[in-house]
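**Student:** If you scroll down you'll find the structure; I have some questions about it.
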């Protein structure tokens, strides 16, 4: 299906695309390329989306950070890296991370680490530590938090 869109049709399509869920500029540009828009048309449409408040990088970054932390329980490192991959500015990344309160972050970390530690059935303590640390680091939590927690958890169990 090789359909052709006028810039006006593409704009309407992208307004719906952005209204459905927060989008970053990269997603919008990629979508416009799939609609076979020229670079000039893309620039024009992106500007219109920003002016009409359909596209807002700060809003996207904040929404992304809150959602990934609350739903997927990601740590700040993973959230930062994912936002960088989407070419979000460091200013917006900093603002986004402020959306997660220290208390909420700490609670999520504690709950996730307890659940993870208790779910690992490994008998060998060294392997269990490694599995725990790998999992928590993959989730994007700071290594100092992870290593302090593994010592605490080992202390409780031995």
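**Student:** Of the residues in segment 113-124, how many are surrounded by 13 or more Cβ atoms within 10 Å (Cβ to Cβ) and not in a loop (DSSP other than H, G, I, E, B)?
**Tutor:** Residues flagged as surrounded by 13 or more Cβ atoms within 10 Å (Cβ to Cβ) and not in a loop (DSSP other than H, G, I, E, B) within segment 113-124 amount to 4.
**Student:** Shifting gears a bit: Which of the numbered conditions does residue 116 fail, given that it passes all the others? Conditions: (1) closer than 18 Å to residue 23 by Cα; (2) touching a helix residue (DSSP H, G or I) at 6+ places or on another chain (Cβ under 7 Å).
**Tutor:** Failing condition for residue 116: (1).
**Student:** Here is a further query. When only residues in segment 23-44 that are in contact with a helix residue (DSSP H, G or I) (Cβ under 8 Å, 6 or more places away or on another chain) and part of a loop (DSSP other than H, G, I, E, B) count, which is surrounded by the fewest Cβ atoms within 10 Å (Cβ to Cβ)?
**Tutor:** The residue in question is 35.
**Student:** Could you grab the pairs with beta carbons closer than 7 Å, sequence gap of 6+ or different chains, first residue in segment 119-135 and touching a residue at least 24 places away in the same chain (Cβ under 8 Å), second one surrounded by 17 or more Cβ atoms within 10 Å (Cβ to Cβ)?
**Tutor:** Within 7 Å, the pairs are 129/150.
**Student:** Now for a separate question. Just give me the residues in segment 82-106 being assigned to a helix (DSSP H, G or I) and surrounded by 13 or more Cβ atoms within 10 Å (Cβ to Cβ), in sequence order.
**Tutor:** Matches in segment 82-106: 82, 83, 92, 93, 95, 96, 97, 104, 105.
**Student:** Please state which one of 110, 154 is surrounded by 12 or more Cβ atoms within 10 Å (Cβ to Cβ), out of contact with any helix residue (DSSP H, G or I) (no Cβ under 6 Å at 6 or more places or on another chain) and modelled with pLDDT under 95.
**Tutor:** Among 110, 154, only 154 is surrounded by 12 or more Cβ atoms within 10 Å (Cβ to Cβ), out of contact with any helix residue (DSSP H, G or I) (no Cβ under 6 Å at 6 or more places or on another chain) and modelled with pLDDT under 95.
Residues are listed down the side, and each one gets a yes or a no for (1) within 20 Å of the chain's Cα centre (by Cα); (2) assigned by TED's automatic domain parsing to the domain that holds residue 79; (3) farther than 16 Å from residue 75 by Cα:
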{"site": "112", "(1), (2), (3)": "yes, no, no"}
{"site": "116", "(1), (2), (3)": "no, no, no"}
{"site": "120", "(1), (2), (3)": "no, no, yes"}
{"site": "127", "(1), (2), (3)": "no, no, yes"}
{"site": "132", "(1), (2), (3)": "no, no, no"}
{"site": "137", "(1), (2), (3)": "yes, no, no"}
{"site": "141", "(1), (2), (3)": "yes, no, no"}
{"site": "144", "(1), (2), (3)": "no, no, no"}
{"site": "149", "(1), (2), (3)": "no, no, no"}
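**Student:** Let me ask another. Please identify the pairs in which a residue from segment 11-22 that is outside any helix (DSSP H, G or I) has its Cβ atom under 7 Å from the Cβ atom of a residue that is surrounded by fewer than 18 Cβ atoms within 10 Å (Cβ to Cβ), counting only partners at least 6 apart or on another chain.
**Tutor:** Once the first residue is outside any helix (DSSP H, G or I) and sits in segment 11-22, its partners that are surrounded by fewer than 18 Cβ atoms within 10 Å (Cβ to Cβ) give 22/59; 22/63.
The values are calculated or read from the model by the stated rules, or taken from the named source; none is laboratory data. It should be emphasised that the depicted structure is a prediction, and the values quoted were computed from it without experimental measurement. Methodologically, a virtual Cβ is constructed for each residue, glycine included, from the backbone with ideal geometry; neighbour enumeration extends over all protein chains shown.
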